[in-house]
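Worksheet: the structure to be examined is printed underneath.
Throughout, read-outs are computed from the coordinates displayed, never taken from laboratory work. Note that the structure is a prediction, hence the values are computed from the model and not measured. Cβ coordinates were reconstructed from backbone atoms using ideal geometry, including for glycine residues, and neighbour counts include every protein chain displayed.
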Amino acid sequence: MASGFDDIFAELTNINAEQVLLSERVKLLEEQLSAAGTSGSGDEDGGKERAVGEPVRWHELDAEEHAVLWPQFVAWVIWAADRYEMTTDQLPRQCWWKHGAVVEELTALWTSYESAYASGEDGGSAPYLWQDALARAVERMGRFWLGSCRNGQHKPRHRDAAWGGDADYLALLLAAGRPESDGEPGTSHEDPPQADEDGNG
């Protein structure tokens, strides 16, 4: 014969099971909120926080973003140059920031360094692969500025004309996307002349 306590114990067991499920749901929600907070979804001001290793396009940043990221980038470049004992033949100390291609190469190295050394699934091989990328990048950087800057003197690379800023040049490039005939730009496609019955044109 069942006592009144059996019903109470059964009810307590159900309540306990529901409490365990509720605790698991709360834990899952807290983990999701934590992950969203660290992925750069935003800060208290409603602005977007940069995720670790996110690519940087200097020309697309507004003044505020530039003011935040540039000092971080400069600090990393100085650290990397000292850590890897770069010479002025590899990186022109007095003017590296004046060479756009060098800045872009260093920026790619910086963001990939952040990714390589962030905790992740590929944490074992990523740092090694980054070291390999660094070696190739240092070699490329020397070609970008061609060693023309020596003894504290910055010398812009000699170019006949800049690639941008010329409206006529841009118009020529845009027109080059149109079909060409007989290798002559700007000519239209016409039907070939028809031969008469004797085979003459």
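Among rounded, prolate and oblate, which fits segment 74-119 when a ≥ b ≥ c are the square roots of the eigenvalues of its C-alpha gyration tensor, a/c under 1.5 means rounded, and a/b larger than b/c means prolate? Oblate, since a/c reaches 1.5 and b/c is not below a/b. Stretched out straight at 0.36 nm per residue, the stretch from ALA176 to ALA63 would grow longer than its current Cα-Cα span by 37.1 nm.
Using 0.36 nm per residue and subtracting the Cα-Cα separation, the extra length available between SER125 and ALA108 on full extension is 4.3 nm. Between ARG140 and VAL74, residue separation times 0.36 nm minus the direct Cα-Cα distance comes to 21.8 nm. Each of ALA135, PRO71, PRO92 was placed along the dipole of segment 69-143 (beta-carbon charges, centred on the mean Cα), and the one lying farthest toward the positive end is PRO92.
With both labels modelled 7 Å from their Cα along Cα-to-Cβ, the LYS27 to THR13 distance reads 2.3 nm.
Peptide packing: for 93-106, 67-80, 50-63, the average count of neighbouring Cβ atoms within 10 Å per residue gives the ranking 93-106, 67-80, 50-63, highest mean first. In this calculation the C-beta distance from GLU49 to ARG93 is compared with R0 = 30 Å, giving a FRET efficiency of 0.40.
The distance from the alpha carbon centre of segment 77-115 to that of segment 48-67 is 18 Å, rounded to a whole number.
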